[in-house]
Structure formats: structure tokens, C-alpha cells
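Please read the structure below before turning to the comments.
The values are calculated or read from the model by the stated rules, or taken from the named source; none is laboratory data. Because the structure is predicted, anything quoted here is derived from the model rather than measured. In this analysis, Cβ positions are derived from the backbone assuming ideal geometry, glycine residues included, and neighbour counts consider all displayed protein chains.
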Amino acid sequence: MKRIILSLFFVSLISTQLFAEEGTGDSILLGVDNDLLAYNLTIVGEGESKDKTHSFGLAIGSPVFGLNLGYKLTDNIVVGANFGFGFSYLSDNDINVINFRISPMFEYIFSHGSKIRPFLKLNFDVFLSRVGDDDGDSLLVWMLGCTGSGGMHIFVAESFSIDLSLAVAFRGGMYDDDVEMKNFKAGGVFGFSGWF
């Protein structure tokens, strides 16, 4: 699993550098984002033994913080990666969950001259979670997937934008090394970006 994550990370970095040398863009993107409101459907297991869990999250209740790094190849195309981290505590079951995400991304911006710039973004997700309880027992969950989003960069200054988007994600992987797990997520994302 570590090899897959490292390979995706290096491919993302190398391709960013290769495209950067050929592109006409002149901007580095550095931003942060957070789920504003999200719906999650998680399915653990297969067949008759599968369990479904529905949950809703607010930015204040279960934060998922992301750091975006990108390079603007042209006026319309940005490539880069999102690094995400999150923590949640389920008090009903005394379970804590720590999430980590790395997602190479491709973004297309429709308009480059206005203060409001619509965009579409595609992320390829590698998602790791550590699920533990108050007794000290824990297990690792890994998932691979894809996130598609669309929204707008609202430029309040030439090099600073407020970012609003709607995102849909699907991930699949393994729970406790032998149980299949699937996750569907839909929600709103809020963030800030600096363009250097």
C-alpha cells in the first residue's frame, strides 16, 4: 500500500514539473478547503451481512481539512494535489476516526478574466483511516476512489479567491484486511486560495 501511495505522489509531482516546463501559465496555487456540509453513505461487507451507515457532517462537528497545491499550466488548466486530514469522534460507540487523504487533481477553469471563475475539478483519491476505540483497539481502512466537483473561485483580490463547490466522491477498499468497504459522499466545500 505504501508503494502505491508513494508512486501516485511521485507521478503527480513529476507530471506537474513536466507540464510546468511546457505550459504558459505563471501561477502557483496554494489553498485550503473544508467540508461545509456533507452526507456520507458507508457500506461495510457484502451480501446479506453488509451494514449501511448514513451520516451528515458539518464543518464544526467533524472537520476534514485539506491543503491544495497546484500549478497553473495555462489560463484554464491547473494540476496538483490535495492533502487532507480529518478527525471525528463517534460518542455513541466510543470510536475515534483519523483520516488522511492524498489526491492528485486536475482542474479546468472556464473563465480567466472575471472576478467569478467557474471550475470543474477531478481528484483521484488515496484514502487511509485509522479507526479506534477507548479500549485501545484499532484497525486500518484503505480506499481508492475518485472525486468530482464543480464550483467557483470568487476573486476578492487579484491573487486571492474564496472557493465554493459541490463535490461527489466514491471510494472502495478494505476494512480490517478482509472486509470490503464502500463509501459515497456528497456535499459542499468551502475554501480559500492564493495564486502566486
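Run down 14, 28, 95 and say which single residue is more than 18 Å from the chain's Cα centre (by Cα) and modelled with pLDDT of 85 or more.
Numbers: 14 fails: modelled with pLDDT of 85 or more; 95 fails: modelled with pLDDT of 85 or more.
Only one candidate passes the filter, namely 28.
Looking only at the stretch 63-82, count every residue that is under 14 Å from residue 102 (Cβ atoms) and either crowded, with 19+ Cβ neighbours inside 10 Å or touching a helix residue (DSSP H, G or I) at 6+ places or on another chain (Cβ under 7 Å) (or both) and tell me the total. Lay out the reasoning, then the answer.
As a first pass, look at the stretch 63-82 and keep what is under 14 Å from residue 102 (Cβ atoms): 64-70, 80-82.
This time we only want the ones that are either crowded, with 19+ Cβ neighbours inside 10 Å or touching a helix residue (DSSP H, G or I) at 6+ places or on another chain (Cβ under 7 Å) (or both), so: 64, 66, 68, 70, 80-82.
So the answer is 7.
State yes or no: is residue 55 over 24 Å from residue 106 (Cβ atoms) and either at pLDDT below 80 or among the hydroxyl-bearing types (Ser, Thr, Tyr) (or both)?
On the way: over 24 Å from residue 106 (Cβ atoms): yes; either at pLDDT below 80 or among the hydroxyl-bearing types (Ser, Thr, Tyr) (or both): yes.
Taking the combined requirement at face value, the residue satisfies it.
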Query raised in the report: Under the condition of being aliphatic (A, V, I, L, M) and either closer than 15 Å to residue 85 by Cα or assigned to a loop (DSSP other than H, G, I, E, B) (or both), which residue from the stretch 104-138 is nearest to the chain's Cα centre (by Cα)?
Result: 126
Query - Residues that are under 24 Å from residue 188 (Cβ atoms) and not polar (S, T, N, Q), drawn from the stretch 111-127 - result: 115, 116, 117, 118, 119, 120, 121, 122, 124, 125, 126, 127
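Within the stretch 152-160, does at least one residue satisfy the condition of being of a type in the set (D, E, K, R), surrounded by fewer than 18 Cβ atoms within 10 Å (Cβ to Cβ) and more than 16 Å from the chain's Cα centre (by Cα)?
Initial filter on the stretch 152-160 (of a type in the set (D, E, K, R)): 158.
Those left that are additionally surrounded by fewer than 18 Cβ atoms within 10 Å (Cβ to Cβ): 158.
Now drop any that are not more than 16 Å from the chain's Cα centre (by Cα), which leaves 158.
Within the stretch 152-160 (the criterion being of a type in the set (D, E, K, R), surrounded by fewer than 18 Cβ atoms within 10 Å (Cβ to Cβ) and more than 16 Å from the chain's Cα centre (by Cα)), the answer is yes, since at least one residue qualifies.
Residue 134: in contact (Cβ under 8 Å) with a residue 24 or more places away in the chain, surrounded by 15 or more Cβ atoms within 10 Å (Cβ to Cβ) and acidic (Asp, Glu), yes or no? Don't jump to the end; show me each part of the working.
Working: in contact (Cβ under 8 Å) with a residue 24 or more places away in the chain: yes; surrounded by 15 or more Cβ atoms within 10 Å (Cβ to Cβ): no; acidic (Asp, Glu): yes.
In short, no.
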Query raised in the report: Can you find a residue in the stretch 178-189 that is buried (at least 19 other Cβ atoms within 10 Å of the Cβ), within 19 Å of the chain's Cα centre (by Cα), over 17 Å from residue 126 (Cβ atoms) and not aromatic (Phe, Trp, Tyr)?
Result: yes
Report task. Kindly list, by first and then second residue, each pair from a residue in the stretch 154-182 that is assigned to a strand (DSSP E or B) to a residue that is surrounded by fewer than 13 Cβ atoms within 10 Å (Cβ to Cβ) and among the acidic types (Asp, Glu), limited to pairs with Cβ atoms under 6 Å and residues at least 6 apart or on different chains. Result -> 180/46
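Return the residues of the stretch 142-171 that are more than 30 Å from residue 114 (Cα to Cα) and either hydroxyl-bearing (Ser, Thr, Tyr) or in contact with a Leu (Cβ under 7 Å, 6 or more places away or on another chain) (or both); say none if nothing qualifies. So that I can check it myself, show each step before the final result.
Just the residues of the stretch 142-171 that are more than 30 Å from residue 114 (Cα to Cα), to begin with: 142-145, 170-171.
Residues satisfying the conditions are 142, 171.
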